[in-house]
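Reading through the structure tokens given below for one structure.
The values are calculated or read from the model by the stated rules, or taken from the named source; none is laboratory data. Because the structure is a prediction, the values reported are computed rather than measured. Every residue, glycine among them, receives a Cβ derived from its backbone with ideal geometry; neighbour counts consider all protein chains shown. The accessibility values were calculated without ligands, DNA or RNA, using every heavy atom of the protein model including side chains. Shrake-Rupley method; radii C 1.70, N 1.55, O 1.52, S 1.80 Å.
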Amino acid sequence: MVETKASAPNRWAILFVLCAALMVVVVDVTVLHVAAPAISADLSPTAIQLLWIIDVYPLVAAPLLLASGVAGDRLGRRKVLFWGLAVFGIASVAAAFAPSAPALIAARALLGVGGALIMPATMSIIRDAFRDRDERVRAVGIWSAVSAGGAALGPLLGGFLVEHFWWGSVFLINIPILIIVVPFAIKVLPESRAEEPPPWNTSAVVLAGVGILGLAFGFKEGARHGFFEPTALAGMMVGATCLSAFARGQLRSADPILNVRLFARREFAVAIACVFMTMFGLVGIEFFGAQYLQLVLGLSPLEAALRLLPLMSSTRAGGLLAARVLKRLGTRQTIAIGLAATALGLVPMLLLGVEDQYWLLWPPFLLIGFALEVALVAANDVIISSVPADEAGGVSAIEETSYELGSGFGVAVLGSILAAAYSASVKPIEGVSAVGMDNARESLSRAVEISDTMPSSMAEPLLAGSRAAFMSGYHTMILVSIALIGVTAVVSALILGGQDHRRLSPDTAGE
């Protein structure tokens, strides 16, 4: 490894700058959660377009992460990080002033490109800067806590901005953050690259990118329209074929861009699954929780954001305290117990109805946020410690891919389940035309919009029926989340078995 300032005592200043850069990305992800109803009212997207506004970011970012990680190893992680910040700034302005739903989708796609350049670079530089494992666990915990803090700040800022300005202002908040971050980054961040980086392999990068995108798109379409639908099958088949060809090529290569043999390690594979499922559950809960608070309970965006604050705050606390929990319990128990506690925390949410029952909501939020974040930090520790610092780019890309796919699948799969259950539960209302009912079945936000044009004799029963239908879909979505996260907790405990990666396996990877 080339000796850089990353090994000097200023590593905590480096962490501060990296966390600030991370803040740009995570604020942008969650700020959209409370802005979605306002976007629906202004741009009138279809239900599919609204999901694409959310989903296009991870669907674009995920296939680019491996290329970004390898580029950072070769060209310099600092340089790639600055490219990402520049792209993110341009895309933020484009999203803020998007005149239509397709234009907003395109701007969000460009934000995905910027995020793909930023995220692996932050974790790779942390891996390079913090060689002592105990320090690195604390650094990753702080990184995760800042991520959670940004996630908490996003809805609050978004709620305030939507109420006082317009929905496009939620994207413009990235600009002042960038103006503050970039000068510090120029001064503090050292250049960090691998001494012997893997050779650039265009065909391998393309295969990996197309494979990840194909699987993500196919699974997303399958969750929405059925897994035997031709588009979904084609996407998944293309994805599986490309990823299989990529893995075979990497196994044969004397100098692979990614060590795919890492997936044969039980603790590594479980850690990746844990990251995927934590993001799957957390983003889905946040996004659809915000819709429940605004569209069912009728809260303002800022009021909804304040209701979500316990979830975000406990997530931040989990990141800060995760190093202590991990040291005390070890990796296996931290991951398994964290996921099991999350599944348990979701159970009371099945009791939510169309009335305001916040006393049922904030205790689960506190438990879910803390437990998920502790499990996530433990999984990050396994992933980032599995390779020498020279190989940090590729492994960071795998980790960030699981983040993005977990986030994208959480919105797509849970959203599709909710939408299907909602549409099936909306019953005809006397006096409302068949066309009107078809439009109301698209989404609850569409039903609210339609009801504003009707007399109260039709609007009130339409709203009541639509809100009850939404809660039916919401409960189905929560049940699916409980099952998936619970199964992951059991599998984590069984597959890791008696091993304890944190206690029994020294961090010898390249140190």
Measuring from the longest principal axis of the C-alpha atoms of the chain, the long axis of helix 174-188 (C-alpha) lies at a number of degrees, nearest 10, equal to 10 degrees
For segment 199-348, averaging the sequence separation of alpha carbon pairs under 8 Å that lie six or more residues apart and dividing by its residue count, the contact order in percent is 15 percent
Length gained if Ser253 through Leu350 is fully extended, taking 0.36 nm per residue and subtracting the Cα-Cα distance, is 29.9 nm
Out of Ala323, Val413, Val480 - ranked by how far each Cα lies towards the positive end of the dipole of the chain, with unit charges on the beta-carbon of charged residues - the top one is Ala323
Taking the chain and counting helices only, DSSP H stretches of n ≥ 4 at -39,500 (n - 2.57) each over all residues, the nearest-500 ellipticity at 222 nm comes to -27500 deg cm²/dmol
For the chain, the longest principal axis of the Cα atoms and the Cα long axis of helix 331-346 enclose an angle in degrees, to the nearest 10, of 10 degrees
In nm, the gap between the two label points placed 7 Å beyond Cα toward Cβ at Ile180 and Asp452 is 3.4 nm
Check: in the chain the Lys pairs 8 or more apart or on separate chains whose Cα atoms fall under 28 Å apart number 4
Length gained, Trp200-Phe165, 0.36 nm per residue minus C-alpha separation, equals 8.0 nm
Nearest-0.05 FRET efficiency for Ala483 and Ser423 at R0 = 22 Å, using Cβ-Cβ distance, is 0.50
So the carbon and sulfur contribution to the accessible area of the chain, 1.4 Å probe, in percent, is 67 percent
Quick calc, Ile90 & Ala264: beta-carbon distance into FRET formula, R0 45 Å, rounding 0.05, result 0.65
In degrees rounded to 10, the 0-90 angle between helix 456-496 Cα long axis and the longest Cα principal axis of the chain is 30 degrees
note: the chain, Cα-Cα separations exceeding 33 Å make up a percent value of 36 percent
Expected vector for segment 431-446, Karplus 3J(HN,Hα) from phi with 6.51, -1.76, 1.60 and θ = phi - 60°, integer Hz, x for Gly and Pro, equals x, 8, 5, 4, 5, x, 5, 4, 5, 5, 6, 5, 5, 5, 4, 5
